[in-house]
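Worksheet: the structure to be examined is printed underneath.
Here, each number is a calculation from the coordinates, and none is a lab measurement. Just so it is clear, the structure is predicted and the values come from calculations on it, not from any experiment. We place every Cβ from the backbone using ideal geometry, glycine too, and count neighbours over all the protein chains shown.
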Amino acid sequence: VVLPTDNPAGLTSLRDLARPGVRLIVADPAVPAGKYTLRALDSLAGDAAWGPAFRNAVLANVASQEETVRAVLAKVELGEADAGFVYLSDASRAADLLRLELPPACNPLAEYPIAVLLQAPHTTLAQAFVDLVLSDAGQRILESHGFLPAPD
């Protein structure tokens with residue numbers, strides 16, 4: 001969750017997202033980032049430490065649902081929102097924004113599969129690309145852009 005640098009709402013923890021009047025921006029539930037946001041909130045709602053009331057209060061604070069994570073990020077950067085749910089990779093590029101971290105157990109992992117298609121016109125080149133992405137050098141590049149390493 002990203003916050004504007006000046007943090008006008010004075011948010012200091014995830015619990016503050018449920019405070020009445022907080023302007024929250026999320027991705028539309030029809031797009032993956034919106035689905036991940038709802039999955040995270042559902043996970044928090046299922047945890048006795050947070051509960052369904054937290055989820056409902058946070059959703060009541062949604063000021064807009066955007067088509068892309070970049071749009072969510074832009075609204076937070078422009079000060080049009082007090083907070084926004086974004087991917088870690090997008091938050092990493094916005095070093096000037098503040099962050100609130102989700103508990104690891106409630107933070108859904110976005111997966112990005114990679115494979116060579118059987119009917120690819122250039123399978124050797126495609127395999128070389130997959131090998132590069134999965135290599136130590138490729139993983140370092142991805143990590144430098146806020147992505148987690150590929151599982152073994």
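The table that follows gives values for the structure above.
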quantity: For region 120-141 versus region 49-75, the gap between their alpha-carbon centres in whole angstrom; calculated: 36 Å
quantity: Packing-based order for 90-103, 131-144, 65-78, using average beta carbon neighbours within 10 Å, highest first; calculated: 65-78, 90-103, 131-144
quantity: Cα gyration tensor, region 39-114 - rounded (a/c under 1.5), prolate or oblate; calculated: oblate
quantity: Shape call, region 111-152: gyration tensor on alpha carbons, a/c limit 1.5; calculated: prolate
quantity: Fraction of antiparallel bridges per DSSP, region 1-98 only, in percent to nearest 5; calculated: 25 percent
quantity: Relative contact order of the chain, defined on C-alpha pairs under 8 angstrom at six or more residues apart (%); calculated: 30 percent
quantity: log₁₀ of I(q)/I(0) at q = 0.11, 0.18, 0.26 Å⁻¹ - region 1-90, Debye sum with one point per alpha carbon; calculated: -0.26, -0.72, -1.42
quantity: 14 Å cut-off, amide nitrogen to a point 7 angstrom out along Ala120 Cα→Cβ, residues in region 129-152; calculated: 129-135
quantity: Mean shadow area of the chain over all directions, Cα convex hull, nm²; calculated: 10.7 nm²
